[in-house]
Every structure is written in structure tokens, then in C-alpha cells.
Amino acid sequence: MSFRYTKRRLWAGICLLGSLCFGLAAVSCGPYQPEEPEGPDYFDLNIPTYFPTDVHVPADNPLSVQGVNLGRYLFYDGRVSGHSDPAAWRSCATCHLQAHAFEGGLDYAAPTPHAMLPLFNVAFNNVRYHWSGDTDSLERLIYLALTDPDEINGHPDSITARIAAIPFYNDMFAAAFGQVAPGAPVVTIDRICKAIAQFARTIVSANSKFDRYVRGETTLTDEELKGYLLFTTEEGADCFHCHGGSGNMLFTTYGFANNGLDPDSLYHDAFDRASVTGNAADKGVYRIPTLRNIEYTAPYMHDGRFKTLEEVIDQYSEGVHYAPNISPLMHHVTDGGVQLTEPEKQALKAFLLTLSDPGLLTDPSLSKPQDGRLP
């Protein structure tokens with residue numbers, strides 16, 4: 001099943017009735033085909049039938065072939081940072097590396113307060129985008145990233161001026177968003193954010209081994225099936241409440257939770273959700289990440305404290321700490337965790353690895369354009 005954003009073409013046949021010299025005569029005209037108006041061609045976003053149908057594409061920023069293509073260039077262009085020194089340039093791709101499922105990876109020294117989240121399947125997030133939960137607009141999130149001193153560290157005016165000064169971009173913006181009134185700028189910070197958001201929404205990961213299993217194209221091993229059972233049961237690893245089971249193929253609720261990390265580190269963090277909401281109940285509360293492509297997105301937890309999946313599994317097995325506002329979904333907190341055996345831990349990891357989508361890491365349509373126009 002596909003949900004398509006397509007431009008409708010109107011074809012009309014017109015029949016005209018006229019009279020000539022007071023006599024009635026039926027005059028028939030051939031089919032009239034109006035000239036196709038110029039404008040963007042809407043992008044076909046093919047979505048698996050088992051994914052959510054509520055796709056977050058704003059009415060004022062529909063997906064278009066031209067807009068997605070423009071966003072791809074801007075995503076990889078360090079000149080969006082606005083810095084004059086090329087050594088200081090940062091782009092979205094500086095942090096969101098395709099080789100790590102559009103995350104930073106273990107070898108990336110993140111300048112941001114928290115470990116970043118991977119950037120795929122964001123078109124299906126209808127909760128909140130920013131780590132703090134203070135914006136529900138992907139376009140707004142991109143604006144924050146472009147201007148945040150800890151991230152791309154640009155200024156709207158300098159970003160816009162730099163991109164507008166690059167000749168090929170003006171034609172691309174006009175193709176993506178249409179011409180503007182004489183004297184009005186074709187390149188604006190709003191359009192820059194919209195184009196990058198369009199590209200980001202096309203980064204869809206849906207071809208892991210588990211996806212192929214769901215589609216009936218392959219089978220899981222006994223160990224992987226055992227891990228899946230552990231994942232989806234309260235008596236097992238009890239992962240599904242936060243990360244979804246068979247009914248949630250995104251493997252996250254996109255919600256926020258205190259997941260029982262040690263209180264000493266959690267309650268001294270100046271960048272948890274409470275730092276935005278001002279609510280003491282949000283101390284130590286963070287975004288629940290997707291487990292898709294978890295193999296590629298280390299380090300783990302909001303502060304990147306764990307480097308391996310084994311460490312993460314150990315944490316939930318026997319390292320959970322009680323906190324007054326710990327998520328009520330952490331059902332095994334009184335036992336310090338779910339208390340998995342070593343074979344169960346291995347089975348759970350085997351299942352988690354079935355969520356890896358290696359094709360995402362090399363898809364050329366998501367890679368940096370190689371036509372020589374980008375530095």
C-alpha cells in the first residue's frame with residue numbers, strides 16, 4: 001500500500017453548441033488539453049502497509065521531487081552554517097552520518113549536550129521532535145539546529161545570504177517553491193528549513209530482516225524468535241511497552257520516560273525535559289529512541305554512557321534504579337531489572353540485530369550528491 005503525494009492533471013473535453021444563420025447546428029470540438037502549469041512535481045513516498053498511516057507532512061510543505069532534491073543538497077552543504085572559514089563549516093550531515101543510520105556513531109565527538117538521535121522515519125513522528133519536547137514541527141527543529149551554538153551555529157541572515165550567493169541554488173529554490181514577486185528573495189530561511197525537512201521525511205528505514213519476516217520473505221532463527229518473544233512479553237524482557245511490539249513497527253512510542261538510570265547522574269542533568277517544562281516530575285526524563293538500526297547507533301542512552309548493546313541489555317536486566325518519577329512502564333524496578341539469564345540476553349540481542357537495515361547506510365538517493373557542486 002502506498003500513500004502518494006501526486007500532482008493531479010486535469011484533462012477536459014469540451015463540447016460547444018452554437019447556432020449559425022438562425023439554424024441550429026451541433027458543433028463538436030476535440031478534446032482540449034490545457035497547458036501543464038509549471039511547478040513542483042509531488043514526491044511519491046512509498047510506505048509499507050504495516051507502518052502508521054498518519055504521515056506528518058504539513059499542508060504548507062508538501063513533498064515534491066524538486067523540494068526533496070534541494071533539501072538533499074542543503075543537508076550536505078556546510079555553507080548553511082554561515083561561517084566564513086570552511087574549516088568551521090557544519091552541515092546536518094556533519095552529525096547525522098548515513099553510515100551510522102543518520103546518527104553520529106561511536107567515533108563522533110558530539111559537541112551537543114546529549115547524544116543525538118538517529119534521523120530516519122521522522123515522517124511518522126506525530127508527538128514531538130526536539131529532545132526536550134518543545135516543538136512539534138520538523139521545520140522548527142531544523143531551524144533550531146541551524147542556529148543553535150552547540151550545533152550548526154549559524155545565523156538566519158548569514159545562512160540565507162551565503163546560500164543565495166551560490167548561483168545554482170536560486171534555480172533550485174525557484175523550482176521547488178515557485179517564483180516570487182519582483183524584488184522578493186527566492187532564498188529564505190523558512191524555505192531552507194522546509195527543503196531540508198522534505199528530504200529528512202524521505203529517509204525511511206523499512207527493509208530490515210524483521211521487515212522481510214513480516215512481509216513473509218524470510219524466516220527468523222529459533223534464537224531470534226526467542227528474543228522476539230522476550231521483547232514482547234512482560235514476563236520476558238518487557239521492552240514492548242516503550243519500544244513497541246508487533247503492532248508498532250516504528251519500535252518507539254516517541255514518548256518520554258525516566259528509565260531508571262542511576263539517580264546521581266540523572267538529577268544533575270541541566271538538559272533533561274524538566275529543563276524545558278520546569279516540572280520536577282520531568283527530572284531525568286528523556287526521549288524514547290527507536291530500536292530500529294540499533295546496531296549502528298551507538299553510543300546509547302541520552303549521555304552516550306553505553307558503547308555496546310550488551311551493556312544496554314545488562315542495564316535493563318539488573319541495573320535499574322528506583323526514582324520517584326520512574327516510568328510506570330518499568331514494571332521490574334523493584335527487582336532492579338528484568339533479571340535475564342545469559343542465554344536470554346543473547347537471544348534478545350539476536351532479535352535486536354534483526355532490526356538492522358543495511359541498505360539505509362548505502363542508499364544513493366540519500367547520500368551526498370556527487371555532481372561536484374558541493375564542497
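The values are calculated or read from the model by the stated rules, or taken from the named source; none is laboratory data. The shown structure was predicted, so the numbers you read here are calculated from the model rather than taken from an experiment. Every residue, glycine as well, gets a Cβ built from its backbone with ideal geometry; the counts of neighbours run over all protein chains shown.
Quick check on segment 174-190. Is at least one of its residues touching a residue at least 24 places away in the same chain (Cβ under 8 Å), over 30 Å from Leu352 (Cα atoms) and of a type in the set (Ser, Thr, Tyr)?
yes
Could you tell me whether any residue of segment 207-218 is surrounded by fewer than 21 Cβ atoms within 10 Å (Cβ to Cβ), touching a Gly at 6+ places or on another chain (Cβ under 7 Å) and in contact (Cβ under 8 Å) with a residue 12 or more places away in the chain?
The answer is yes; a qualifying residue exists.
Just checking, how many residues over segment 149-191 are over 26 Å from Asp85 (Cβ atoms) and either touching a Gly at 6+ places or on another chain (Cβ under 8 Å) or in a helix (DSSP H, G or I) (or both)?
Going through segment 149-191 one residue at a time, the tally reaches 7.
Quickly run through segment 283-302 and pick out the residues that are part of a loop (DSSP other than H, G, I, E, B), of a type in the set (D, E, K, R) and closer than 27 Å to Lys209 by Cβ.
Arg292
Count, please, the residues in segment 177-228 that happen to be of a type in the set (Gly, Ala, Ser) and touching a helix residue (DSSP H, G or I) at 6+ places or on another chain (Cβ under 6 Å).
Summing the residues that are of a type in the set (Gly, Ala, Ser) and touching a helix residue (DSSP H, G or I) at 6+ places or on another chain (Cβ under 6 Å) in segment 177-228 gives 5.
Within segment 83-108, restricting attention to residues that are acidic (Asp, Glu) and either modelled with pLDDT under 90 or out of contact with any strand residue (DSSP E or B) (no Cβ under 8 Å at 6 or more places or on another chain) (or both), which residue is nearest to Thr160 (Cα to Cα)?
Among them, the one singled out is Asp85.
When you look at Pro86, is it in the same structural domain as Ala145 (by TED's automatic domain parsing) and within 28 Å of Arg273 (Cα to Cα), yes or no?
So Pro86 does not fit the description; no.
Which numbered condition in (1) modelled with pLDDT of 90 or more; (2) more than 18 Å from Val204 (Cα to Cα); (3) not in a helix (DSSP H, G or I) is the only one that Pro111 fails?
(1)
Output the number of residues of segment 30-82 satisfying the condition of being at pLDDT 90 or above, over 30 Å from Tyr213 (Cβ atoms) and surrounded by fewer than 17 Cβ atoms within 10 Å (Cβ to Cβ).
Of the residues in that region, 5 qualify.
Restricting to segment 338-375, give me the number of residues that are over 19 Å from Ala200 (Cα atoms) and aliphatic (A, V, I, L, M).
Number of matching residues: 8.
Pull out all pairs, ordered by first then second residue, where Cβ-Cβ is under 9 Å, the residues are six or more apart or on different chains, the first lies in segment 95-106 and is acidic (Asp, Glu), and the second is assigned to a strand (DSSP E or B).
Glu103/Leu97
Every residue in segment 255-282 that is buried (at least 20 other Cβ atoms within 10 Å of the Cβ) and in a loop (DSSP other than H, G, I, E, B), please.
Matches in segment 255-282: Asn258, Asn259, Gly260, Leu261, Asp272, Arg273.
Can you name the residue in segment 141-167 that is within 12 Å of Cys92 (Cα to Cα) and among the hydrophobic types (A, V, I, L, M, F, W, C) and is also surrounded by the fewest Cβ atoms within 10 Å (Cβ to Cβ) among such residues?
Leu144
Filter segment 336-375 down to the residues that are more than 16 Å from Leu291 (Cα to Cα), among the hydroxyl-bearing types (Ser, Thr, Tyr) and either in a loop (DSSP other than H, G, I, E, B) or in the same structural domain as Leu220 (by TED's automatic domain parsing) (or both) and list them by number.
Thr341, Thr362, Ser367
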